[in-house]
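The values are calculated or read from the model by the stated rules, or taken from the named source; none is laboratory data. Just so it is clear, the model here is predicted, and its values are computed rather than measured. Cβ placement follows ideal geometry from the backbone for every residue including glycine, while neighbour counts extend to all protein chains displayed.
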Amino acid sequence: MLHSSSLEASSNPDLRQILEELYRSRNLQPYRSGQTIRMLPDEILVVCRGVVQLGTLYDSGDEALLGLACPSMPFGLPLSFIRPYQASALTDVDLLRLTLSEVEQSPELAQSIFRHLTRRLQQTEAVLAMVGYRRVEDRLRHLLLLLKEEVGQPASTGTRLSIRLTHQQLANAIGTTRVTVTRLLSQLQEEGWLVVDHNRHIILPAHAKAA
């Protein structure tokens, strides 16, 4: 059942209310961290809890990170021209599946989804701008600052990233190698630009800015 506790803090409580009122008897679909999420050509999925990683594959077989779908954000095959278009649970997630016809028949739901889709568009543009930096270190800094905005949580020493991306995932996102990311993370940690806590979550201090 879809209850208030099923939806994490959202920047737009209207969407939570609309989903609860329209789909009170609809079961959410849970996915464990690391699971591939099945997508259908006529469905839009809404993240109710957790974070979903969106990506694609190059002809070389390398993966590319396209973005992150956070609570209340929609994603799905109808929302992208990228093929292959892949989604996997970066954390444990709960998803609500909606058909295109359901969205089209509810102006309130369509409007709320559009607002959160705008957030996804802004995030995608930030990722594209990040790729334009020539220095790999600059790209990594900007990626971590973007993650701070999307999944950051207040901590005593700064802002803690609530998800853990592997060094390979970070490398895919900024177009470099895992070895380079590992070296740069160690360098940024030595400089005090970031801290890694005992649970291996990255914490960005208040003074962490783009170079």
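For region 81-98, how many residues are within 24 Å of Ile163 (Cα to Cα) and surrounded by fewer than 17 Cβ atoms within 10 Å (Cβ to Cβ)? Residues in region 81-98 being within 24 Å of Ile163 (Cα to Cα) and surrounded by fewer than 17 Cβ atoms within 10 Å (Cβ to Cβ): 2 in total. What do you reckon, is Leu54 without any contact (Cβ under 8 Å) to a residue 40 or more places away in the chain, outside any loop (DSSP other than H, G, I, E, B) and outside the structural domain of Thr166 (by TED's automatic domain parsing)? Here the answer is yes, as Leu54 does meet what is asked.
I'm checking my understanding of the structure. Among residues of region 40-64 that are touching a Gly at 6+ places or on another chain (Cβ under 6 Å) and surrounded by 19 or more Cβ atoms within 10 Å (Cβ to Cβ), which one is farthest from Ala110 (Cα to Cα)? Among residues in region 40-64 that are touching a Gly at 6+ places or on another chain (Cβ under 6 Å) and surrounded by 19 or more Cβ atoms within 10 Å (Cβ to Cβ), the one farthest from Ala110 (Cα to Cα) is Leu54.
Of the residues Ser106, Ser101, Ser112, only one is small (Gly, Ala, Ser), loosely packed, with under 15 Cβ neighbours inside 10 Å and over 27 Å from Ile203 (Cβ atoms); which? Result of the check over Ser106, Ser101, Ser112: Ser101. The combined condition, being crowded, with 20+ Cβ neighbours inside 10 Å and in contact (Cβ under 8 Å) with a residue 12 or more places away in the chain, is fulfilled by Arg141.
Name the residue that is nearest to Arg97 (Cα to Cα), counting only residues in region 144-161 that are more than 12 Å from the chain's Cα centre (by Cα) and not small (Gly, Ala, Ser). Going through the qualifying residues, I end up with Gln153. Select from region 47-80 the residues that are at pLDDT 90 or above and over 12 Å from the mean Cα position of the chain (by Cα) and write down the one among them that is farthest from Thr177 (Cα to Cα). For region 47-80, the residue satisfying everything is Pro78. Scanning for something farther than 22 Å from Val51 by Cβ, assigned by TED's automatic domain parsing to the domain that holds Leu65, more than 14 Å from the chain's Cα centre (by Cα) and not hydroxyl-bearing (Ser, Thr, Tyr), does region 112-128 turn up at least one residue? No, that holds for no residue.
Residue by residue, here is whether (1) of a type in the set (D, E, K, R); (2) at pLDDT below 90; (3) out of contact with any Cys (no Cβ under 9 Å at 6 or more places or on another chain); (4) under 30 Å from Leu77 (Cβ atoms) holds:
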position	(1), (2), (3), (4)
Gln105	no, yes, yes, yes
Phe114	no, yes, yes, yes
Met130	no, yes, yes, yes
Glu191	yes, no, yes, no
Val195	no, no, yes, no
Asn199	no, yes, yes, no
Ile202	no, no, yes, no
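Against the conditions (1) closer than 19 Å to Ala173 by Cβ; (2) out of contact with any Pro (no Cβ under 7 Å at 6 or more places or on another chain), Gln105 satisfies every one except (1). One residue stands out among those in region 116-126 that are over 14 Å from Leu79 (Cα atoms) and exposed (fewer than 13 other Cβ atoms within 10 Å of the Cβ): the one that is modelled with the lowest pLDDT, which is Glu125.
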